[in-house]
Amino acid sequence: MKKKYHIGIEASLDVIAEKWKPLILCYIGVGINRNGQLLNEIPEISQKVLTEQLRQLIEDGILYKERFDEKIPQVEYKFTEYGENLKDIMLVLCKWGEGHIEYMNKLGNEFNLQDSIN
């Protein structure tokens, strides 16, 4: 069934708005792109959910799997040419969020930043 959108942000959020997708995209954007690495960086996510969300991002044309023929098969997730624009946007959002945390801390609100994404 074809989806109907009223404004572009609906289509954008349709791709990225699930709970872990923004984190997955930001980590892949900074080079943390293997399944085990993603599980280490996002310990609250289950293998099942990570696999589902990666599969959805591949189906949406944002990511692709690169397979390596080694003794132990390895897979890396990377942005497609089409997904590179979203990568840039997600990394800007990550950076903005870091500044927002600093701003909110100055106002006296307690926020923590896990220092993995730069």
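Observations on the structure shown:
- Ranked by the mean number of other Cβ atoms within 10 Å of their residues, highest first, the peptides 85-97, 40-52 come out as 85-97, 40-52.
- Structure-derived P(r) over Cα pairs in 5 Å bins from 0, in percent: which label, when the choices are [x] 2, 10, 18, 21, 19, 13, 9, 5, 2, 1, 0; [y] 2, 10, 17, 15, 8, 5, 8, 10, 11, 8, 5, 1, 0; [z] 2, 12, 24, 25, 20, 12, 3, 0: [x]
- Calculated FRET value between ASP60 and ASN40, using beta carbons and R₀ = 25 Å, to 0.05: 0.50
- Set LYS19/LYS48; LYS4/LYS95; LYS21/LYS48 screened for pairs whose C-alpha atoms are more than 25 Å apart: LYS4/LYS95
- Separation of the MET1 and LEU107 label points, Cα + 7 Å toward Cβ, nm: 3.9
All of the numbers you see were taken from the coordinates with simple rules; none came from a lab. These figures come from a predicted structure and were not determined experimentally. Quick reminder, even Gly has a Cβ in these numbers, built from the backbone with ideal geometry, and neighbours come from all protein chains shown.
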